[in-house]
Amino acid sequence: MHRIDGGLIFLLTGFFTLLYLAYLWFGDISIEASFLGYHTKVVKKGLRLGFWLFICSEIMLFLGFFWAFLHSALCPSIEFAAIWPPKSIKVIKELEYPLLNTMLLIISGISVTWAHKGVSLGSYRHAIDGLLLTIFLGFIFLILQTYEYYESYFSINNTVYSSSFFMLTGLHGFHVIVGVIFLTVCLKRLLANHFLTKHYLGLVFAIWYWHFVDVVWIFLFLVVYIWGNW
């Protein structure tokens with residue numbers, strides 16, 4: 001990452017090794033839950049607690065970047081004439097792609113809840129349709145976000161506004177990618193009959209994660225795109 005000789009090889013090796021270990025780990029958890037019957041009530045309680053703590057850590061991560069944005073907005077630097085956003089920044093209009101992406105994620109929150117309800121009632125056709133729709137909306141969100149970056153008039157190294165903007169939206173976009181992968185894996189497991197009406201903890205975690213992504217985006221839309229552009 002810092003242009004050290006052979007650094008890229010070490011970076012890629014570590015990255016793909018991490019992905020492979022995660023694949024093995026989650027594969028073992030799926031086998032233990034689906035075929036070996038190891039997920040008792042006590043184990044499920046521990047997994048739920050662990051995932052809640054993980055989401056709390058994610059909240060604190062985003063809180064740090066929201067804090068940076070709000071601090072810079074409420075106390076703008078004299079280098080930018082104490083104006084927010086800085087005069088050199090042509091902001092992205094909130095009623096265009098950001099509003100459309102907001103609607104997409106709200107609809108995806110409804111569709112993933114539809115999938116959750118379908119599994120809990122044993123209506124797997126509805127659950128599959130709900131997951132497919134959610135994954136599709138996630139892909140559309142990522143495409144629009146990429147196009148928004150392409151059309152933006154500033155880059156991450158222009159000002160503190162652009163740095164905070166790209167860190168918040170980019171970090172959220174990365175979480176959308178993870179959420180889409182998470183839901184796709186759950187869809188594959190659902191098609192493989194891994195989930196029962198009272199045994200679908202993996203899907204529950206994916207749904208929690210997706211709702212977290214939705215809520216973060218709503219805060220991001222309100223704080224960065226609307227309030228931050230005034």
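The values are calculated or read from the model by the stated rules, or taken from the named source; none is laboratory data. Not measured: the values here are computed from a predicted model. We place every Cβ from the backbone using ideal geometry, glycine too, and count neighbours over all the protein chains shown.
Applying the condition of being touching a helix residue (DSSP H, G or I) at 6+ places or on another chain (Cβ under 6 Å) and polar (S, T, N, Q) to region 53-110 and asking which residue is nearest to Trp217 (Cα to Cα) yields Thr102. Inclusion of Phe195 among residues that are in contact (Cβ under 8 Å) with a residue 60 or more places away in the chain and in contact with a Lys or Arg (Cβ under 7 Å, 6 or more places away or on another chain) is warranted. Within region 132-155, one or more residues are more than 24 Å from Phe219 (Cα to Cα) and modelled with pLDDT of 90 or more. Just one of the listed residues (Leu74, Leu47) is surrounded by 11 or more Cβ atoms within 10 Å (Cβ to Cβ) and among the aliphatic types (A, V, I, L, M), and it is Leu47. Could you list, in sequence order, all residues of region 77-94 that are surrounded by fewer than 12 Cβ atoms within 10 Å (Cβ to Cβ), hydrophobic (A, V, I, L, M, F, W, C) and part of a helix (DSSP H, G or I)? Hit for region 77-94 is Ile78, nothing else. The residue list Ile207, Ile177 contains one member that is of a type in the set (Val, Ile, Thr), within 17 Å of the chain's Cα centre (by Cα) and buried (at least 18 other Cβ atoms within 10 Å of the Cβ), which is Ile207. Of everything in region 182-200 that is surrounded by fewer than 16 Cβ atoms within 10 Å (Cβ to Cβ) and either of a type outside the set (Val, Ile, Thr) or not assigned by TED's automatic domain parsing to the domain that holds Lys44 (or both), the residue that is nearest to the chain's Cα centre (by Cα) is Lys188. Residue count for region 1-12 satisfying the condition of being surrounded by 10 or more Cβ atoms within 10 Å (Cβ to Cβ) and under 21 Å from Val178 (Cβ atoms): 2.
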